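Report on the structure given below.
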Amino acid sequence: MTRAHPQVVLLGINYPPEPTGISPYTGALASGLTRRGYPAAAITTHPHYPDWRVRDGYGQWTRHDLVDGVPVRRLRHFVPRRPRGVARAISELSFGLRLALTPWGKPDAVVAVSPALFSSAVAAFRAGLTHRDVPFIVWVQDLYTQGMTEFQGKASLFVRGVRAVERWLLQRADRVVVIHDRFVPRVRDDLGVSADRIAVIRNWAHLAPMLPADIVAVRASLGWAEDETVVLHSGNMGMKQGLENVIEAARMADERQERVRFVLMGDGSARATLQKLGTGVHSLSLLPPLDDAGFAAALQAADVLLVNERPGVAEMAVPSKLTSYFSAGRPVLAATDPDGITAEEIRNAGAGVIVPAGDPSALLDGAMTLAADTNRCALYGRSALEYRQTVLSADFAIDTFARLIDAACESGSEDNDDASVHSRV
């Protein structure tokens, strides 16, 4: 290579300006590498998440943008209104097909973000044909087959097929980056990836340090009374979140005449259903997604920040909202598997309280317990913020990723004549 640093292309189905989920991390990695002197480019789709509709002003067959200093090529792909099962797979495959037919330039390293699994698998196949000497790195944000097994409770034929694709993809990657230590045994033991090719790089707090908000003014603008406890859930509204549990907790709050308001802020495939289920529930509010400033202000103005997961969800993913929650310095209430990744992360941060998933009574009791103990809430908030400033440092994570790319490229250059190495890609 003649460049001071490797040239990197990132392949991912989500990218800014999508506000939530994986998008902020993919965008921050690309721009962070660029600022460090690594020429980075991204090939992605048009913004469509979390509402599963291509944003107004986008949708061309191919579009070229410059986002935070990064050249971004956007490819039109199939966006289903109900992103489940086969429709979700077809969506990912349509992006994969576009990736296979689109020039990637002359990168020194390729980073594929999973999800999307199927488009990443197509990209791996393409890399094996056209970029055999280029390190292929898979950045695993969610474990597909783990999530499907947790949702379905059994290994159906479809799940076994997805597992075969996930195993094939990860075994052929030169490096597999996972976002939590709990992913390592799953990738190593269940999917057969050798430990020396697995690296843990934590997701970081992707928002800038939050400026102090005028809490009274923000609460008034959002219709939150000063004397009610606001429990805020932000982000995607989909199957994994199981937010019917929150609606039932709010209904119980009405029956008990508790001064608490459960707020669901965001969008997603389940929003319309949730809005219908919540009709007439006075202790429930739904808000649309807010811009970064409004989002940060809302998190600070809430009394409690909520993570709610469907029963059975334990090992498939680390909720991206936690990094933002910790930045707000507010206590976290998590309705989740007590032995799962989410619960472990909150305990590690000393950030809040865990209650069982799918138990609206326990959720309401947890909220009222926090409401009654302001000193405890303040302690949780301070601990969460400290964890965000240390363990979840963006600079540390991106520096680590840059070193991993350097090492992969150096290893690849040493092994260019070794066909057995390239057969994995």
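The values are calculated or read from the model by the stated rules, or taken from the named source; none is laboratory data. Just so it is clear, the model here is predicted, and its values are computed rather than measured. Neighbour counts run over all protein chains shown; Cβ positions are idealised from the backbone, glycine included.
So here's what we get for this one:
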| read-out | value |
| --- | --- |
| Where A272 falls short, out of the listed (1) at pLDDT below 95; (2) not in a helix (DSSP H, G or I) | (2) |
| Given (1) at pLDDT 95 or above; (2) more than 18 Å from S393 (Cα to Cα); (3) crowded, with 17+ Cβ neighbours inside 10 Å, index of the condition L29 fails | (2) |
| In region 43-88, residue nearest to S120 (Cα to Cα) [restricted to those that are in contact (Cβ under 8 Å) with a residue 40 or more places away in the chain and of a type in the set (A, V, I, L, M)] | I43 |
| Options F396, F326: the member that is surrounded by fewer than 19 Cβ atoms within 10 Å (Cβ to Cβ) and under 20 Å from the mean Cα position of the chain (by Cα) | F396 |
| Of residues in region 105-145 being in contact with a His (Cβ under 8 Å, 6 or more places away or on another chain) and in a loop (DSSP other than H, G, I, E, B), the one surrounded by the fewest Cβ atoms within 10 Å (Cβ to Cβ) | D133 |
| Filtered residues of region 45-68 (kept if touching a strand residue (DSSP E or B) at 6+ places or on another chain (Cβ under 9 Å) and either closer than 16 Å to S23 by Cα or among the hydroxyl-bearing types (S, T, Y) (or both)) | T45, H46, P47, V54, Y58, T62, D65, L66, V67 |
| Positions within region 178-229 being aromatic (F, W, Y) and at pLDDT below 95, in sequence order | F183, W204 |
| Among (1) of a type outside the set (S, T, N, Q); (2) not assigned by TED's automatic domain parsing to the domain that holds A362; (3) not in a strand (DSSP E or B) - the single one A199 does not satisfy | (3) |
| From the options A371, A351, residue that is within 20 Å of the chain's Cα centre (by Cα) and either at pLDDT 95 or above or more than 21 Å from Q241 (Cα to Cα) (or both) | A351 |
| Only listed residue being of a type in the set (S, T, N, Q) and either buried (at least 20 other Cβ atoms within 10 Å of the Cβ) or assigned to a strand (DSSP E or B) (or both), chosen from T20, T102, T34 | T20 |
| Checking A42 against (1) hydrophobic (A, V, I, L, M, F, W, C); (2) in a strand (DSSP E or B); (3) in contact with a Ser or Thr (Cβ under 6 Å, 6 or more places away or on another chain), the condition it does not meet | (3) |
| Residues located in region 54-65, provided they are surrounded by 13 or more Cβ atoms within 10 Å (Cβ to Cβ) and not in a strand (DSSP E or B) | V54, R55, Y58, G59 |
| Filtered residue count, region 179-197, keeping only those that are under 23 Å from R126 (Cβ atoms) and either of a type in the set (D, E) or surrounded by 16 or more Cβ atoms within 10 Å (Cβ to Cβ) (or both) | 4 |
